[in-house]
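Reading through the structure tokens given below for one structure.
The values are calculated or read from the model by the stated rules, or taken from the named source; none is laboratory data. None of these values were measured; they are calculated from a predicted model. Note that we place each Cβ from the backbone using ideal geometry, even for glycine, and neighbour counts take in every protein chain shown. For the accessible areas, the whole protein counts, side chains as well, though only heavy atoms, and no ligand, DNA or RNA atoms are used. Shrake-Rupley method; radii C 1.70, N 1.55, O 1.52, S 1.80 Å.
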Amino acid sequence: MVFSCSGKPTYTEARPSGEELRFALESLRDGEPVFHSLMHEGKRIDFFVLKINGRVESYFDACAKCYPKKLGYRKDGDYLKCVACGQRYPLEDLRGTGSCYPLKLPGRVVGDSYVIDKADIAKGFRYF
């Protein structure tokens, strides 16, 4: 991650393979969200992949409440913290709805990879 004066860091650009993005499961550390960006129609869409307690999930780096501020989340100990409002959620349970929970990004485990379809990332366009 690269931080700038504006507050939100620039994340590693995800490199799609055809119409999907693949992340090696062995590269994911338990409890450590990995942030990425994908350019879509000239806009950077940020998201993260999280391995926690043996499962892998992905989320947009945005929520339905604070996304207009475009600040996203940061890891804060065993929590994920919204930079805009300060709300914190345990990394082991980000599957809530409403308030400032991160927006779920569909993905799936395929063999030794976690796969996210580019089309699903594009659906988050309006939040960025």
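Tabulated results
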{"quantity": "Test for residue 31: is it open to solvent by less than 40 Å² (accessible area, probe 1.4 Å) and either at pLDDT below 95 or assigned to a loop (DSSP other than H, G, I, E, B) (or both)", "calculated": "yes"}
{"quantity": "Test: residue in segment 51-59 that is within 10 Å of the chain's Cα centre (by Cα), of a type in the set (A, V, I, L, M, F, W, C) and closer than 21 Å to residue 14 by Cα", "calculated": "no"}
{"quantity": "Segment 100-128, residues that are open to solvent by 60 Å² or more (accessible area, probe 1.4 Å), in a loop (DSSP other than H, G, I, E, B) and either in contact (Cβ under 8 Å) with a residue 24 or more places away in the chain or within 18 Å of residue 44 (Cβ to Cβ) (or both)", "calculated": "106, 112, 123"}
{"quantity": "Of residues in segment 34-50 being part of a strand (DSSP E or B) and in contact (Cβ under 8 Å) with a residue 60 or more places away in the chain, the one nearest to the chain's Cα centre (by Cα)", "calculated": "47"}
{"quantity": "Tally of residues being open to solvent by less than 50 Å² (accessible area, probe 1.4 Å), touching a Leu at 6+ places or on another chain (Cβ under 8 Å) and either free of Cβ contacts under 8 Å to residues at least 24 places away in the same chain or not in a strand (DSSP E or B) (or both) across segment 62-99", "calculated": "8"}
